[in-house]
Amino acid sequence: MVRFGLLALAVLLPTLTGYATLFALRAYRRAAESRRRPPPPEPVGRLVTRLRKLRLELEATENTPRSAARRHHLRAVRGAYLDLLRTACERFDVSPPPGGDRARQADIYRAEAALRDRGLDVAAERVKDIPPR
């Protein structure tokens, strides 16, 4: 009986090895293809909500009195806001503020005004999801 089991294994082993190789190749190709494909763009509503939240957080951080690590938090929030503002500018065909993370406030206001002209108001009074401070 053991000989029969070993014979069956010897006959089926090349077939199983071939299927395992084909499966591994297909999985590798699928993974490589998914890495090449850019992620789908973020929905406009979600982009607007995130942009408004970051702007409110930036204003709140700028208006707080001196505290520990305030400058670092301010740089982080400002960088995140400018990055998202740049994304919104690209989506709405508006020139983003030059200078990257060191963009001047006047350039940021110009980009926000251009977005407002396109129908995206960044300076909303209040966003529902943000708890009051």
More than 18 Å from the chain's Cα centre (by Cα) and surrounded by 12 or more Cβ atoms within 10 Å (Cβ to Cβ): is that true of LEU84 in this structure?
no
Odd one out for GLY100, checked against (1) under 21 Å from the mean Cα position of the chain (by Cα); (2) farther than 15 Å from ARG55 by Cα; (3) surrounded by 12 or more Cβ atoms within 10 Å (Cβ to Cβ):
(3)
Any hit, the stretch 99-122, residues being touching a residue at least 40 places away in the same chain (Cβ under 8 Å) and assigned to a loop (DSSP other than H, G, I, E, B)
yes
Of all residues in the stretch 7-47 being hydrophobic (A, V, I, L, M, F, W, C) and modelled with pLDDT of 90 or more, which is nearest to ARG91 (Cα to Cα)?
LEU47
Can you tell me which residue among ARG29, ARG35, ARG46 is surrounded by 10 or more Cβ atoms within 10 Å (Cβ to Cβ), on the phi < 0 side of the Ramachandran plot and assigned to a helix (DSSP H, G or I)?
ARG29
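The values are calculated or read from the model by the stated rules, or taken from the named source; none is laboratory data. Note that the structure is predicted; figures quoted are calculated from it, not measured. So basically every Cβ, Gly included, is an ideal-geometry build from the backbone, and we count neighbours across all protein chains shown.
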